[in-house]
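The values are calculated or read from the model by the stated rules, or taken from the named source; none is laboratory data. Source: prediction; values computed, not measured. All Cβ positions, even for glycine, are placed from backbone atoms using ideal geometry, and neighbour counts span all protein chains on display. Keep in mind that these areas ignore ligands, DNA and RNA; they rest on the heavy atoms of the full protein, side chains included. Shrake-Rupley method; radii C 1.70, N 1.55, O 1.52, S 1.80 Å.
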Amino acid sequence: MDGLWFRSNKKSTPFSDVVDAIRRASKVKHTIVVGSDSQPTFRGNICVTVICILSEDPTNDRQFYYHRTLKPKSKSLYDRMLNEAMTTIWLANSLREDIRQNLNLELHFDLASSKKGGTFKYTKSLTSIAKGFAFENVEIKPNSWAASSIADKYSKSKRHLRMSN
């Protein structure tokens, strides 16, 4: 996901700076959390992917970056959830391959943990895909705060939020 990423203060930063921050964080005890969320709009789906850094390095601890794009409308809720999950998996896998250090990666999916949630029927299959990519740390609601809270906030349609592409 090259291109512009944004910090919590909405200032843009190149993806190479995000990777540098992850490299610095990976030299000490850390967790890199990746999650995605999307919101359907009349123009298409606003998709947001978030990278959160939790690290013993105080210059990187509790930092997050987000990437916001407009994608074509999904045909179904399953297609939208699959796109969110695969975007998260693809980015986490790219980080793992590019950085080649022992990254402690955690994936957050915006999927329901009980039958009351509309996405519950997709939870097992989508988390299994992540485990097939050798990601053991996969969280769903209510523990998937990167997707369910941070990405959700930036996926809401607001004109003042710029798109990454």
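Looking for something open to solvent by 60 Å² or more (accessible area, probe 1.4 Å), more than 19 Å from residue 119 (Cα to Cα), part of a helix (DSSP H, G or I) and charged (D, E, K, R) - is there at least one such residue anywhere in region 62-75?
no
For region 139-162, check the following and say yes or no: at least one residue is more than 23 Å from residue 54 (Cα to Cα) and at pLDDT 95 or above. Walk me through it before giving the result.
Narrowing region 139-162 to residues more than 23 Å from residue 54 (Cα to Cα): 156-162.
Narrowing further to those that are at pLDDT 95 or above: none.
No: zero hits.
If the requirement is being closer than 15 Å to residue 5 by Cβ and of a type in the set (Ser, Thr, Tyr), which of these qualifies: 41, 87, 59, 119?
87
Filter region 77-123 down to the residues that are small (Gly, Ala, Ser) and assigned to a helix (DSSP H, G or I), then identify the one that is surrounded by the fewest Cβ atoms within 10 Å (Cβ to Cβ).
94
Filter region 42-61 for residues that are surrounded by 20 or more Cβ atoms within 10 Å (Cβ to Cβ) and assigned to a loop (DSSP other than H, G, I, E, B) and give the result.
Within region 42-61, 60 is the sole residue that qualifies.
Take the residues in region 1-35 that are part of a loop (DSSP other than H, G, I, E, B) and among the hydrophobic types (A, V, I, L, M, F, W, C); name whichever of them is surrounded by the most Cβ atoms within 10 Å (Cβ to Cβ). Steps first, please.
As a first pass, look at region 1-35 and keep what is part of a loop (DSSP other than H, G, I, E, B): 1-3, 8-11, 26-29.
Imposing the further condition that a residue be among the hydrophobic types (A, V, I, L, M, F, W, C) reduces the set to 1, 28.
Numbers: 1: 17, 28: 12.
Within region 1-35, the match that is surrounded by the most Cβ atoms within 10 Å (Cβ to Cβ) is 1.
Quick one: what pairs do we get from region 19-34, first residue modelled with pLDDT of 95 or more, second of a type in the set (A, V, I, L, M, F, W, C) and open to solvent by 30 Å² or more (accessible area, probe 1.4 Å), C-beta under 6 Å, 6+ apart or different chains?
Here the result reads 31/54, each pair linking region 19-34 to a residue that is of a type in the set (A, V, I, L, M, F, W, C) and open to solvent by 30 Å² or more (accessible area, probe 1.4 Å).
Please specify each residue of region 133-151 satisfying the condition of being open to solvent by 40 Å² or more (accessible area, probe 1.4 Å) and either assigned to a helix (DSSP H, G or I) or closer than 12 Å to residue 64 by Cα (or both).
145, 149 - these are the residues of region 133-151 that are open to solvent by 40 Å² or more (accessible area, probe 1.4 Å) and either assigned to a helix (DSSP H, G or I) or closer than 12 Å to residue 64 by Cα (or both).
Taking the condition in contact with a helix residue (DSSP H, G or I) (Cβ under 8 Å, 6 or more places away or on another chain), farther than 21 Å from residue 54 by Cβ, at pLDDT below 95 and surrounded by 12 or more Cβ atoms within 10 Å (Cβ to Cβ), does residue 126 pass?
On the way: in contact with a helix residue (DSSP H, G or I) (Cβ under 8 Å, 6 or more places away or on another chain): yes; farther than 21 Å from residue 54 by Cβ: yes; at pLDDT below 95: no; surrounded by 12 or more Cβ atoms within 10 Å (Cβ to Cβ): yes.
Taking the combined requirement at face value, the residue does not satisfy it.
Scan region 22-39 and give yes if some residue there is at positive phi and in contact with a Leu (Cβ under 7 Å, 6 or more places away or on another chain), otherwise no.
no
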